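The values are calculated or read from the model by the stated rules, or taken from the named source; none is laboratory data. Computed from a prediction, not measured in an experiment: that's the story for all the values here. So basically every Cβ, Gly included, is an ideal-geometry build from the backbone, and we count neighbours across all protein chains shown. Accessible surface areas use protein heavy atoms only, side chains included; no ligands, DNA or RNA. Shrake-Rupley method; radii C 1.70, N 1.55, O 1.52, S 1.80 Å.
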Amino acid sequence: MAFRVRGSRPLPPPLLLLLLWVTGQAAPVAGLGLGSDAELQIERRFVPDECPRTVRSGDFVRYHYVGTFPDGQKFDSSYDRGSTFNVFVGKGQLIAGMDQALVGMCVNERRFVKIPPKLAYGSEGVSGVIPPNSVLHFDVLLMDIWNSEDEVQIHTYFKPPSCSRTIQVSDFVRYHYNGTFLDGTLFDSSHNRMKTYDTYVGIGWLIPGMDKGLLGMCVGEKRIITIPPFLAYGEDGDGNIPGSAVLVFDIHVIDFHNPSDSISITSHYKPPDCSVLSKKGDYLKYHYNASLLDGTLLDSTWNLGKTYNIVLGSGQVVLGMDMGLREMCVGEKRTVVIPPHLGYGEAGVDGEVPGSAVLVFDIELLELVAGLPEGYMFIWNGEVSPNLFEEIDKDGNGEVLLEEFSEYIHAQVATGKGKLAPGFDAEMIVKNMFTNQDRNGDGKVVAEEFKLKDQETKHDEL
């Protein structure tokens, strides 16, 4: 929630204009009176335990009320209209008695108010609604209060001990929130949807108050952000948010990143001999713990009891992990932090990795098998026989079938005369090599088709 909504404010309907005119006839009168029906009487029927702010002249309030005559006959009710009465206090928009009665109220406070005629509609009354010289009773419940001078209020109630980076303009943030009105009514919650709210900060994707409230937060930090309506959804509101409502958001930042981020590598341990470093094409075996930026564990090869094995640079892992495993030696331990655009992106992995999540990998490299030069899947470890085709063609019929070819290549590997690219299916490599030599696709290779790697540039076979 807390996304930006734009739109013009519609003109109030004629009936609402009439109500505002009726309730705005009398000017405010200072002072409170207690005693007979000739004076304003206020009974505080419920006062909340916490009251950080009370109504002052000049504040804008939203309240519910039921208006009755002394005999109990109802003449008006905001509940019947399904919306609060929204008005400035002390600016002549209310009858004088109500202007006075609202001052000093807390949000969620309930007052019973008796207003004498001189502070209501006097000897004239309101034709067809309020008889002349009527004492009016109001049962008032204050829902909301703000002032045009208010700013975004921030209360941080938890901040992690370590905070190496804070949210800045243009960062992309994932956070959980509960959104309530000032009276505590919940209007939205990311927790209920079991999904974070994911958005950019400071570029107009959020209401202005939320943009301001998120700046400077750490991963794991929790704060309450109170936003006046002119920095939220304004007079019009949005959906289930009424117009002129103060919004209170309880925020927990899960992670954030910037689109310009690259991976971050922190090496925690290197063995004394760290001269052989991993490179593209090498076959690696390593352990890892994978977690989110807030520490939530996603996966662990240690828990599974087996290593994760890849060929570096072959696209077998996300790009950020491929980058994070480069120039690493056996025995080294490092932490790699991967932003989502180098990880699993906006989509994530269903049921495993949330969309747009920053990933943290704690890695230990256990084994490194050097790869082949780029572009090769098989190399010779010595001089190549000048009679290579004849050696492969054991039966001397001038044709080499796949079985003959495969048997020969595996024999060279077994005796150390040749080497297949590590980390790949050996049979698949040999089959691809044979297919590349079988240029006419007839299932056999003849001497005229047979060529070594340095005799052509189109294939990777020999």
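Both radii come from the Cα set of region 242-401: Rg as radius of gyration, Rh as Kirkwood radius; their ratio Rg/Rh reads 1.21. Rg and Dmax, both from the Cα atoms of region 186-332 and both in Å, are 22.1, 69.
Excluding PHE181 itself, what net charge comes from residues whose Cβ is under 10 Å from its Cβ, given Lys and Arg +1 and Asp and Glu -1?
Net charge in that neighbourhood comes out at -1.
THR68 exposes around 30 Å² of accessible area when a 1.4 Å probe is run over every protein chain in place. Its alpha carbons give region 107-220 an Rg and a Dmax of 22.9, 69 Å. Computed on the Cα atoms alone, the convex hull of region 325-462 gives a volume of 178 cubic angstrom per residue. How much net charge surrounds GLU404 when only other residues with a Cβ under 9 Å from its Cβ are counted (Lys, Arg +1; Asp, Glu -1)? Charge balance in the 9 Å sphere: -4. The mean sequence separation of alpha-carbon pairs under 8 Å and at least six residues apart, normalised by the residue count of the chain, gives a relative contact order of 11 percent.
Which of [x] 126, 51, 32; [y] 60, 58, 45; [z] 78, 51, 35 is the computed Cα extents along the principal axes in Å for the structure on display? Among [x] 126, 51, 32; [y] 60, 58, 45; [z] 78, 51, 35, the one calculated here is [x].
Across region 274-313, the volume of the C-alpha convex hull divided among the residues equals 105 Å³ per residue.
Calculate, for region 285-434, the solvent-accessible area per residue in square angstrom, rolling a 1.4 angstrom probe over the heavy atoms of the protein chains.
50 Å²
Solvent-accessible surface of protein heavy atoms, probed at 1.4 angstrom with all chains present, puts GLU391, GLU427 in the order GLU427, GLU391, largest first.
To the nearest whole percent, what portion of all C-alpha pairs in region 151-213 is separated by more than 14 angstrom? Here the long-distance tail beyond 14 Å is 69 percent of all Cα pairs in region 151-213.
Taking other residues whose beta carbon is less than 10 angstrom from the beta carbon of LYS333, and scoring Lys, Arg as +1 and Asp, Glu as -1, yields -1.
Per residue, the accessible area of region 38-163 comes to 50 Å² when a 1.4 Å probe rolls over the protein heavy atoms.
Sparse packing (at most 15 other Cβ atoms within 10 Å of the Cβ) combined with a DSSP loop state is found for the following trypsin sites (Lys or Arg not before Pro) in region 184-241: LYS195.
Can you pull the semi-axes for region 263-334, root of five times each eigenvalue of the Cα gyration tensor, sorted largest first, whole Å?
20, 15, 13
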